[in-house]
Amino acid sequence: MAETLATMQQQYFNGCTWQSSTQWTGATIQTHMTSAMISLSSYMDYQVPPEGVSGLSGDAYVHESLIRSYFDQIVEYYYSQQTMEFTTENYDDMSWLALGWLEAIKFIGLHSALHYGDQYNNASSASVFYGNKYVPAFAHRARLFSDLVNHGYDDFEVLCSGGIVWGPYVAPYKNSITNELYVALNMGMYQYFPGDYDPGTSYIVNSSNACVDQTYGAVTNPQVPQALNASSPPLMPIAAHNKTYLDRAMAGYNWLTTINMTDAQGLFTDGYHLSDWNSVTNTSASNKCDERNEMVYTYNQGVLLSGIRGLWETTGDSTYLSYGYSLIDSVINATGFHASNSSAFMGLGRGGVLEDLCDANGDCSQDAQNFKGPFFHHLKLFCAPLPAEPATRNITFGDADEQSRAHASLCSDYTSWIAHNAGAAYATRNATDDYGMWWGPPAGTTNVSSTTQSNVQSNDPRLYYGAGAIDYRDDRQLLFALPEFGADPQKEKGLFKGMEKVNGSEYRTAGTASGTADVNDRGRGRTVETQSGALAVFDALYSVAGKAAYGSAVGRSGGRI
């Protein structure tokens, strides 16, 4: 994990941002990096003395210095994040952004408690983790964008009797990922948001920092409704643990799990259109979600898991956890982990390895290259040990008995599958420590077997997911062709640059030591998104399996994971 993170930052981070990322992929990369930093923080026991980091020695000094250097990069990304551009994006993109800063707040709190705990109260400035001074800024940004997301829910709630739309400027599409993010984000805001007392309404940070938002003043697409501006009234203070967030999360979960969004395999399909939507009048006679896109993507199966975990922790209702276990079992089964035919695509993979439909053909878009990472990140959050005592008195629940043991046992059962996927991801590592999109084929594999190729998709996802499966995330023209978009979808194109179609027969050899391309150099090749995906599965393995099991996997990899 540490090696993978180091490579990602050395090869793709330019000092301010991951230059080749898009808005939402950059937000998830920051999230996965911060999550890995939480794992790194827990790896070694030490206490920063009253004189500060200079009082550490040996491995503790090296470890703390490394974590601080990574945190500095997170701060630089904060200043350079294209916040104005985000206000023109869809609601799922805004949710990724807000979740990233909640993860950073969690890191600051956990790292402080683990390594600065003895001096945290009444301490000298040298013995308090300096990251704490950024908590108000991170919280304010999370609040600004969670407000936009929640306004988006309210503006379109009448359609389909609930749920949030993908975005306000496209034909109404109530898709699973945006609604899963809605649940996860509102749970995160209820549990981890420390409150916000900044009245500021600007999305831009005025700072002398060298890293700045390069899109400021250059945004041409319309901002979402309710976006703030210079004439907006000052924001009112909001305290931590505002119950409105919990109420929203519960309502979002109830809608998503009762709207018939899952298929016969128990997997989340992509979402619902309204078949009678009139793109001229922007109205629907029925207001019913009745046109389901049967397409299945890996990240659609995972993001809800962290929201489910939060719902249990804030209600004590074990039915939330039961839903999560069932969903994870459906995913594992759909990868063929228990199947006898390891080459057959089972709906979400083959041979037990998680796979998006575009992987084997090498034609994944930039969006699709980023899908597997969020699944494993949110699986990690779901499988964290249940707290024996409430983390926050009168807000959350704890369980030191039967439920806690059952949760630990069930999540332990997932370890072999997670390790199997981590090994498959590791197999794609090339000579420059870059990981590929299609997990399983070892680096250097140049041919896809005829059996596998014929089993992939024949460029028709309906062979696997049924009539009505449209893989628009790998070809945005398929989305524009839908009648709901009307005759002229040109104005929408700027919102979907991560969905541009990729030629899977073209190879990219950049980054390979010998210049010889393999199957993971097809299409977009190895990218910061595929590196982030590998980081997320290694992080999940460490967190769910524990230090001992993870150490065994690292040993088998030669210490490179």
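The values are calculated or read from the model by the stated rules, or taken from the named source; none is laboratory data. None of these values were measured; they are calculated from a predicted model. Using ideal geometry, Cβ is built from the backbone for each residue, glycine included, and neighbour counts are taken over all protein chains shown.
Of the residues making up region 299-333, those that are touching a residue at least 60 places away in the same chain (Cβ under 8 Å), of a type in the set (Gly, Ala, Ser) and crowded, with 18+ Cβ neighbours inside 10 Å are Gly302, Ser306, Gly307, Gly310, Ser330. Considering only region 260-280, state which residues are modelled with pLDDT of 95 or more and exposed (fewer than 13 other Cβ atoms within 10 Å of the Cβ). Those that are modelled with pLDDT of 95 or more and exposed (fewer than 13 other Cβ atoms within 10 Å of the Cβ): Asn260, Ala264.
Confirm whether Gly100 is farther than 26 Å from Trp166 by Cβ and small (Gly, Ala, Ser). Even if it seems obvious, please write down each step before you answer.
On the way: farther than 26 Å from Trp166 by Cβ: no; small (Gly, Ala, Ser): yes.
So Gly100 fails the test.
Somewhere in region 159-175, is a residue in contact with a Cys (Cβ under 6 Å, 6 or more places away or on another chain), surrounded by fewer than 23 Cβ atoms within 10 Å (Cβ to Cβ) and in a helix (DSSP H, G or I)? Yes: one or more hits.
Under the condition of being assigned to a loop (DSSP other than H, G, I, E, B) and either among the small types (Gly, Ala, Ser) or out of contact with any Leu (no Cβ under 6 Å at 6 or more places or on another chain) (or both), the residues counted in region 265-311 number 23.
Here Gly336 clears all of (1) out of contact with any helix residue (DSSP H, G or I) (no Cβ under 9 Å at 6 or more places or on another chain); (2) of a type outside the set (D, E, K, R); (3) surrounded by fewer than 22 Cβ atoms within 10 Å (Cβ to Cβ); (4) part of a loop (DSSP other than H, G, I, E, B) except the condition numbered (3).
If the condition is being crowded, with 21+ Cβ neighbours inside 10 Å and either free of Cβ contacts under 8 Å to residues at least 40 places away in the same chain or under 22 Å from His151 (Cβ atoms) (or both), then region 64-82 contributes Gln81, Gln82. Among the residues of region 312-333, the one identified as in a loop (DSSP other than H, G, I, E, B) and on the phi < 0 side of the Ramachandran plot is Asp317. Give the residues of region 352-388 that are assigned to a helix (DSSP H, G or I) and either at pLDDT below 95 or charged (D, E, K, R) (or both), sorted by residue number. Matches in region 352-388: Lys372, Lys380.
Against the numbered list (1) within 23 Å of the chain's Cα centre (by Cα); (2) in a helix (DSSP H, G or I), Thr244 comes up short only at (1). Against the test of being modelled with pLDDT under 95 and under 17 Å from Phe538 (Cβ atoms), the options Ala422, Ala391, Ala400, Ala443 yield a single qualifying residue, Ala443. Within region 248-258, is even one residue without any contact (Cβ under 8 Å) to a residue 12 or more places away in the chain and hydroxyl-bearing (Ser, Thr, Tyr)? Within region 248-258 (the criterion being without any contact (Cβ under 8 Å) to a residue 12 or more places away in the chain and hydroxyl-bearing (Ser, Thr, Tyr)), the answer is yes, since at least one residue qualifies.
Could you check region 453-509 and list, in sequence order, the residues that are outside any helix (DSSP H, G or I) and modelled with pLDDT under 65? Once the filter is applied, which keeps residues that are outside any helix (DSSP H, G or I) and modelled with pLDDT under 65, region 453-509 yields Gln457, Ser458, Asn459, Asp460, Gly486, Ala487, Asp488, Pro489, Thr509. When Ser342 is tested against the conditions (1) within 20 Å of Asp356 (Cβ to Cβ); (2) under 19 Å from the mean Cα position of the chain (by Cα), the lone failure is (2). Within the option set Met44, Met37, being in contact (Cβ under 8 Å) with a residue 24 or more places away in the chain and either out of contact with any Pro (no Cβ under 9 Å at 6 or more places or on another chain) or small (Gly, Ala, Ser) (or both) holds for one residue only, Met37.
What residue, of Lys372, Lys288, is in contact (Cβ under 8 Å) with a residue 24 or more places away in the chain, surrounded by fewer than 20 Cβ atoms within 10 Å (Cβ to Cβ) and closer than 26 Å to Tyr472 by Cβ? Walk me through how you get there before you give the answer.
On the way: Lys372 fails: surrounded by fewer than 20 Cβ atoms within 10 Å (Cβ to Cβ).
Only one candidate qualifies: Lys288.
Residues are listed down the side, and each one gets a yes or a no for (1) under 21 Å from the mean Cα position of the chain (by Cα); (2) at pLDDT 95 or above:
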residue	(1), (2)
Asn282	no, no
Ala285	no, no
Arg292	no, yes
Thr298	yes, yes
Gly302	yes, yes
Ser306	yes, yes
Gly310	yes, yes
Leu321	yes, yes
